[in-house]
Amino acid sequence: MSNGHLSERPVNEAPEPVDLTDEPIRLDGEDPALKPERAGARTRRRRVVWLLATAVGLAGVGAFGTVSWRIFQQQDATIASPAQVAGLTRDDSEQARSTADYLRSGFAADIELDQSFGTVYRAPTGERRPVLLFGGTTLLWQPERDLDSLFGLMADETGQVSGLQKLSPGPLGGVLKCGTTSGTGGEFAVCGWADHGSVVMGLFPDHRAAEAGDLFRRMRNEMQTR
């Protein structure tokens, strides 16, 4: 080991001096030549994200517009109880009127209506028990949800509504469902329709659910106007 002091070592053993220039020293190792290419890629990504966000926003606006237009079309509904409808005749007897009024009052207690009605119809030949219709007009924001709630209330009164199925509502739109329940006279079909301007339910003794649905749709087409 050398005994000499460090200051006595030859100068030529010192490391080469670092050459400092005006160019900045990059610590990330990135080639400046790649910067325009990467900046362009980031710009394209931002443009794609913006286009996707715009598309999603427009889709939401379109869906809202569709619902708003449907509400506008359906909200001003009126329902008549003609003497003849879908091959049935209105029963104006005192007993029928009392039954219809009872159904109308009970229905109106479950949902707030602008106008309500209850009507009993019979086949002209009288071979079947009467069909009972009751409901009314009001603005409904969620027709199917409200109709399902009414089916639930009916189940509380008569028993479980089984086999509930959604059927074609016809040209008036909205939703139409039918199922089967039981009462004093045995099993019978129960149907309901609802749109943004009306909700009506019907009891169809001596009818299967699908058959009752077809009759109910025909009755609606002749009773409801906008």
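Express the Stokes-Einstein translational diffusion coefficient of region 151-226 in µm² s⁻¹, to the nearest whole number, given a Kirkwood radius over alpha-carbon pairs, 37 °C and a viscosity of 0.692 mPa s.
Reported coefficient: 264 µm²/s.
Please list 195-201, 109-115 highest first by mean number of surrounding beta-carbon atoms within 10 Å per residue. Mind showing how you got there, number by number?
On the way: 195-201: 25.1, 109-115: 12.9.
Packing order, densest peptide first, comes out as 195-201, 109-115.
Under the definition of Cα pairs under 8 Å and six or more residues apart, what whole-number percent is the relative contact order of region 92-157?
About 28 percent, as a whole number.
Considering only DSSP states other than H, G, I, E and B, which chymotrypsin sites (Phe, Trp or Tyr not before Pro) in region 97-163 qualify as loop sites with at most 11 other Cβ atoms within 10 Å?
Loop-located and lightly packed - Trp141.
Select from region 83-141 those trypsin sites (Lys or Arg not before Pro) which occupy a DSSP coil region and have at most 16 other Cβ atoms within 10 Å, ordered by residue number.
Filter output for region 83-141: Arg128.
Whole-Hz Karplus ³J(HN,Hα) for region 137-149, in order, using 6.51 cos²θ - 1.76 cosθ + 1.60 and θ = phi - 60°, x for Gly and Pro?
10, 5, 7, 10, 7, 10, x, 5, 4, 5, 5, 4, 5
Can you check what the net charge comes to around Leu167, using other residues whose Cβ is under 10 Å from the Cβ of Leu167 (Lys, Arg +1; Asp, Glu -1)?
Net of charged neighbours comes to +2.
With a/c under 1.5 counting as rounded, go ahead and sort region 85-226 into rounded, prolate or oblate using the C-alpha gyration tensor (a ≥ b ≥ c being the square roots of the eigenvalues; past the cut-off, prolate if a/b is larger than b/c, else oblate).
Rounded, because the longest to shortest axis ratio a/c is under 1.5.
Ignoring ligands, DNA and RNA, please state the percent of accessible area on region 82-226 from carbon and sulfur, probe 1.4 Å. Before the final figure, lay out each step's value.
On the way: 3340 of 7020 Å².
Solvent-exposed carbon and sulfur of region 82-226 make up 48 percent of the total.
Bin all alpha-carbon pair distances of region 107-160 at 10 Å intervals from 0 and give each bin's fraction as a whole percent.
Taking every Cα pair in region 107-160, the percentages come to 20, 43, 28, 9, 0.
The values are calculated or read from the model by the stated rules, or taken from the named source; none is laboratory data. Source: prediction; values computed, not measured. Don't worry about glycine lacking a Cβ; one is built from the backbone with ideal geometry, like all the others, and counts go over all protein chains shown. Note: accessible area is taken over every heavy atom of the protein model, side chains too, but ligands, DNA and RNA are not part of it. Shrake-Rupley method; radii C 1.70, N 1.55, O 1.52, S 1.80 Å.
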